[in-house]
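Worksheet: one structure, shown below.
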RNA sequence: GGUCCCAUCGUCUAGCCUGGUCUAGGACAUUUGCUUCUCAAGCAAGUAACAUGGGUUCAAAUCCCAUUGGGACCA
């Protein structure tokens, strides 16, 4: 009971604790996001802790990458390895002596013991248990070795691990998202908590750190749900309070398995690179498993910090639906002020070799982006959408110039008319260009006996001649950006093909 | 194999706790129409779901049980 009081009076402190063994996964970033939002909503602190006890698989570059991508998303922590805090260090590899102390204490109190069983022995026992339809669990061979034997084995350098004495009891806890959850610990067997005094395993390090860092709520992915009873048992044995748990639903592949590579990109960096905006990714991810219960679907991080509620988080896993991400991203792209959008597009154009420094003015570039942006789902799309503005000579087949059942001669006439209209134009402004061509199209149709309203007989050949593409912005937009000289040149080039 | 979790349109979900207002709402996708030289964007409309079977109740998407299906974890 005392425990409960403590839990309720604790200030809110949550953490995101990734292992730096690879790029930041979208699933992980959503967990980070939910933790961040929960902290903000409750005026609490959000802590970043790097779980790098697995020295072989952990690399500094992944820690750097995780930090970079989280910052890009705008998920900012209050304490972490890069900025410090009152509960540091925030990398587990720097806390080894802390775990060692607790491990030694555990051994002295006989709450844990050395186990010298070999991998092979354990494996064969496991097989045997499974064949009898039992849950594989450690049989306790080393649970009651005499101190002398243990000392002797250790002195001989015999391979060993440290096991925690798991009590045979039911473990019950209340999950903020799932409600009451109960596990039977007697099925667990004595679990391994460390490979040696200097090499603690996941469960042990987590429990110690969450306690020492005064974590109030553990918000993590559903895959950790079965880990929870082990950690609760460890907390009890260590005399720690229990944090409150909340297990988030998983992000799923289209086939409902846990989101994985193979079926698409899973690294935040992949989406970053392709030109998804952080606003869109955040909005998309938060809606995967949460919604405010209203029909509102567009949120900024700041709004979410106020409106988020852990109680409204879904229980079932959610498929990562890229189409919806694309839709949201397109929306955010269209809403971006043009100066900002242009800046965001520039790297993609440069990388593609289209944009060479000093060749295109900032104004011109903004115009290009402006007429292309309704077609963009992601920033990288700008390359294909706008390349026509950067190439000197478009390459296309003559037939591209034909609209409906026009013959070469008809197309030629259309282009000659366009040439005349545009040559005569006094001021080269999109409004004038459009007006002149629209009325020209009407006359052209009347003259040729085409359906009056169908302006394609004039405009399609023009647009094709200018863009060299089946789909593009309107001929008016292109002509305005090209300028008179380039526009007329393109028309002449097209006429020569006929 | 064991344990645990989950189940409303193709997808994300509202509704479920506190049964009747649900002929089940919204969004993405899809289809159609409008706009239109193209592709988008925009606007309008349409198709589409309570996994199954039992209870409880005057009444169940909503409560209970079972089944089925899916997933995670352990190894």
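Couple of notes before you dig in:
- From most to least packed by mean Cβ count within 10 Å, the peptides A:334-346, A:27-39, A:202-214 give A:27-39, A:202-214, A:334-346.
- Degrees separating the helix A:202-212 axis from the principal Cα axis of chain A, which is the longest one: 90
- The Cα center of segment A:203-251 and the Cα center of segment A:368-407 differ in position by 55 Å.
- With R₀ set to 51 Å, the beta-carbon distance separating residue A:497 from residue A:100 gives a calculated FRET efficiency near 0.05.
- Dimensionless Rg over Rh [segment A:263-330; C-alpha; Kirkwood]: 0.96
- Between helix A:96-108 and chain A there is an angle of about 30 degrees, using the helix long axis and the longest principal axis of the Cα atoms.
- Virtual spin-label span in nm between residue A:144 and residue A:420, 7 Å along Cα→Cβ: 10.9
- Counting 0.36 nm for each residue step from residue A:315 to residue A:298 and taking away their Cα separation leaves a gain of 3.9 nm.
- Residues residue A:375 and residue A:54, FRET efficiency given R0 of 41 Å [Cβ-Cβ distance, rounded to 0.05]: 0.35
- Cα centroid of segment A:140-202 to Cα centroid of segment A:474-493, whole Å: 76
- Under the criterion of Cα pairs below 8 Å and six or more residues apart, the relative contact order for chain A equals 12 percent.
- Efficiency of FRET from Cβ geometry, residue A:331 and residue A:214, R₀ 30 Å, rounded to 0.05: 0.15
- In percent, rounded to a whole number, the relative contact order of segment A:337-389 is 44, using alpha-carbon pairs under 8 Å and six or more apart.
- Per-peptide average of other Cβ atoms within 10 Å, ordering A:60-70, A:178-188 highest first: A:60-70, A:178-188
- Computed packing ranks the peptides A:473-484, A:382-393 as A:473-484, A:382-393, most packed first, by mean other Cβ atoms within 10 Å.
- Distance in nm between pseudo-label sites at residue A:269 and residue A:182 (7 Å out along the Cβ direction from Cα): 4.6
- Binned Cα-Cα distance frequencies in segment A:398-497 - 10 Å width, integer %: 17, 56, 27, 1
- In segment A:76-212, one over the average inverse separation of all distinct C-alpha pairs is 17.3 Å, which is the Kirkwood hydrodynamic radius.
- P(r) histogram, all alpha-carbon pairs of chain A included - 10 Å bins from 0, percent: 3, 15, 20, 18, 13, 10, 8, 7, 4, 1, 0
- Quotient of Cα Rg and 2.2 N^0.38 Å for segment A:1-108, N being how many residues it contains: 1.18
- In degrees, nearest ten, helix A:484-497 long axis to first principal axis of chain A (Cα): 80
- Binned Cα-Cα distance frequencies in segment A:335-391 - 5 Å width, integer %: 4, 21, 38, 28, 8, 1
- Relative contact order (%) - segment A:122-214, alpha-carbon pairs under 8 angstrom, separation at least six: 24
- Paramagnetic reach from residue A:393 in segment A:475-498 [backbone N under 20 Å; point 7 Å along Cα→Cβ]: A:485-498
- Across segment A:47-100, Cα-Cα pairs more than 17 Å apart make up 38 percent of the total.
- DSSP bridge orientation in chain A - percent antiparallel, rounded to nearest 5: 55
- Distance between the 7 Å Cα→Cβ label points at residue A:43 and residue A:431: 5.5 nm.
Any read-out appearing in this document is the output of simple, stated calculations on the displayed coordinates, not a laboratory observation. No experiment lies behind these values; they were computed from the predicted model shown. FYI the Cβ positions are ideal-geometry reconstructions off the backbone, even for glycines, and counts take in every protein chain you see.
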